[in-house]
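A.B. asks: First the structure, which I've put down as structure tokens, then a few questions once you've had a look.
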Amino acid sequence: MKKVKLLRSKRGFTLLEILVVVSVISIIASTILLNTNFHRPLSDLKIHASNLGKTLQLLMQEAILEDRNFALSLEPESYMVLEYDGQEWVPSMDKFLLSLQKQHKYSDELIIDGDIISIKKSEKPEPHILILSSGEMSVFEWIIEDRENTLRVKLNSTMLGNITIEGPVETFL
């Protein structure tokens with residue numbers, strides 16, 4: 001009996017070989033993209049504004065549930081949570097509320113009742129945005145600006161604590 005040799009055509013790649021190569025390239029590309037820290041100022045500012053809005057709404061819920069009065073005190077490139085102790089506003093020592101306080105690299109401008117509030121470092125922090133146990137909040141416009149990348153975002157509130165975010169948009173200095 002003669003052995004018949006089947007000749008295999010060597011004209012190209014099989015579908016399986018192509019799929020393996022595409023898969024390997026996809027895995028390498030996604031690894032590089034995930035491990036590379038891209039500078040995305042627009043996205044960073046949007047996330048910062050969203051986190052501020054969530055923090056304010058969380059403080060509103062906490063004030064109502066715990067029957068406590070809170071305030072946000074703005075300082076250059078940061079803010080802190082204050083609590084009313086019955087006589088004066090003092091920095092909150094609650095671990096949860098301390099975790100909400102953040103440093104940031106943006107410029108802040110706060111407008112309450114049509115007046116621009118001066119944001120400066122002081123020995124005794126003063127309450128800027130009131131968040132009361134009655135479910136009310138100071139009506140404000142909080143403009144956060146990334147001057148390095150000429151971007152800005154604006155947070156607006158209503159008396160009942162509804163927060164809206166406008167932007168980020170490019171500013172022209």
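Every number in this text was worked out from the coordinates using simple rules, so none of it is lab data. Since we're looking at a predicted model, the values are computed, not measured. All Cβ positions, even for glycine, are placed from backbone atoms using ideal geometry, and neighbour counts span all protein chains on display.
A.B. asks: Using the structure shown, decide if LEU74 is in contact with a His (Cβ under 6 Å, 6 or more places away or on another chain) and not in a loop (DSSP other than H, G, I, E, B).
C.D. replies: yes
A.B. asks: Show the residue pairs that are 6+ apart or on different chains and have beta-carbon atoms under 6 Å apart, the first residue being within the stretch 134-148 and at negative phi, the second being β-branched (Val, Ile, Thr).
C.D. replies: MET137/ILE131; SER138/ILE112; SER138/ILE129; PHE140/ILE112; PHE140/ILE129; GLU141/ILE111; ILE144/VAL153
A.B. asks: Given the conditions (1) within 26 Å of ASP44 (Cβ to Cβ); (2) charged (D, E, K, R); (3) outside any strand (DSSP E or B), which single one is not true for ARG68?
C.D. replies: (1)
A.B. asks: Quick one: in the stretch 97-130, of everything that is closer than 12 Å to MET80 by Cβ and in contact with a helix residue (DSSP H, G or I) (Cβ under 8 Å, 6 or more places away or on another chain), which residue is surrounded by the most Cβ atoms within 10 Å (Cβ to Cβ)?
C.D. replies: ILE129
A.B. asks: With the condition kept exactly as written, say whether any residue in the stretch 31-45 is among the aliphatic types (A, V, I, L, M), closer than 23 Å to PHE140 by Cβ and in contact (Cβ under 8 Å) with a residue 24 or more places away in the chain.
C.D. replies: Taking every residue of the stretch 31-45 in turn, at least one turns out to be among the aliphatic types (A, V, I, L, M), closer than 23 Å to PHE140 by Cβ and in contact (Cβ under 8 Å) with a residue 24 or more places away in the chain.
Okay, residues lined up against (1) over 22 Å from the mean Cα position of the chain (by Cα); (2) buried (at least 17 other Cβ atoms within 10 Å of the Cβ):
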| position | (1), (2) |
| --- | --- |
| LEU16 | yes, no |
| LYS46 | no, no |
| THR55 | no, yes |
| LEU59 | no, yes |
| PHE70 | no, yes |
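A.B. asks: Here's another thing I want to ask about it. Which members of the stretch 106-123 meet the condition of being in contact (Cβ under 8 Å) with a residue 24 or more places away in the chain, within 24 Å of THR158 (Cβ to Cβ) and not β-branched (Val, Ile, Thr)?
C.D. replies: Listed by number, the residues that qualify are TYR106, ASP108, GLU109, LEU110, ASP113.
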